[in-house]
Amino acid sequence: MIEVNSSSPAPDGLVRAISGAVMRWQDATQAYDEAVGERLQLNAAERRCLAFLHGGPRPAGAIAEETGLTPAAVTALIDRMEARGLLRRTRSAEDRRKVMVENTDAVETLTAPYYRPIAEEGADFIATFSAEEQAVLLRFLEGATALQQKHLAALRFSP
């Protein structure tokens, strides 16, 4: 374990250790999600769609942006998942012409055995940190996510 005086800047060794830990966490998360996907017969785009819709109903165009799929591919994805009872199309309350897509209750039933224990144990783990440490964790995660999104956008939109 590396000890750091809170008043001194982080040594290169600590930055490398954090970077390595983040890469191992990303790899472990991806491996777990892939294993769950295999068990549930969901491909990567389908898993991304379900995770994106966990936040609530979204238009198909937003799913296309989130997954990087073409509108035609998203339509096929929605059709497949709707046939499995995982998604449903509804009309937007604000604009009845707009079709929204949302997860059905079947998604929670299907995924809860795999993700609920991680969420509960994760919440318990986070609770072991002080409020100040939790604020630093949140700042790190939000910043790291923004960094990944920035580079993903650049990659998707570059020739």
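The values are calculated or read from the model by the stated rules, or taken from the named source; none is laboratory data. Values in this document were obtained by computation on a predicted structure and should not be read as measured data. Neighbour counts are summed over all protein chains in view; Cβ atoms, including those assigned to glycine, are modelled from backbone coordinates with ideal geometry. The area values use the complete protein model at the heavy-atom level, side chains included, leaving out ligands, DNA and RNA. Shrake-Rupley method; radii C 1.70, N 1.55, O 1.52, S 1.80 Å.
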Please state which of the following conditions ARG89 fails to meet, knowing it meets all the rest: (1) open to solvent by 40 Å² or more (accessible area, probe 1.4 Å); (2) assigned to a helix (DSSP H, G or I); (3) in contact with a strand residue (DSSP E or B) (Cβ under 7 Å, 6 or more places away or on another chain). (2)
Just for the range 35-73: of the residues that are among the acidic types (Asp, Glu) and modelled with pLDDT of 95 or more, which one is farthest from ALA154 (Cα to Cα)? GLU38
Is it the case that ARG89 is of a type in the set (Lys, Arg) and closer than 21 Å to ASP33 by Cβ? no
Would you pick out the residues in the range 34-69 that are open to solvent by 50 Å² or more (accessible area, probe 1.4 Å) and in a helix (DSSP H, G or I)? GLU34, ALA35, GLU38, ARG39, ALA44, ARG47, ARG48, ALA51, GLU65, GLU66
Looking only at residues that are of a type in the set (A, V, I, L, M, F, W, C) and surrounded by 14 or more Cβ atoms within 10 Å (Cβ to Cβ) in the range 74-83, which one is nearest to ALA153 (Cα to Cα)? VAL74
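Report, by residue number, each residue of the range 125-139 that is small (Gly, Ala, Ser) and part of a helix (DSSP H, G or I).
Within the range 125-139, ALA131, ALA135 meet the criteria.
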Of all residues making up the range 10-25, the number that are modelled with pLDDT of 95 or more, of a type outside the set (Phe, Trp, Tyr) and open to solvent by 80 Å² or more (accessible area, probe 1.4 Å): 2
Lone qualifier among LYS98, LYS150 - being more than 21 Å from the chain's Cα centre (by Cα) and either surrounded by 11 or more Cβ atoms within 10 Å (Cβ to Cβ) or closer than 22 Å to MET23 by Cα (or both): LYS98
When you check THR29 against the structure, is it hydroxyl-bearing (Ser, Thr, Tyr), farther than 24 Å from LEU155 by Cα and open to solvent by less than 80 Å² (accessible area, probe 1.4 Å), yes or no? no
Could you tell me whether any residue of the range 103-124 is assigned to a strand (DSSP E or B) and surrounded by 13 or more Cβ atoms within 10 Å (Cβ to Cβ)? yes
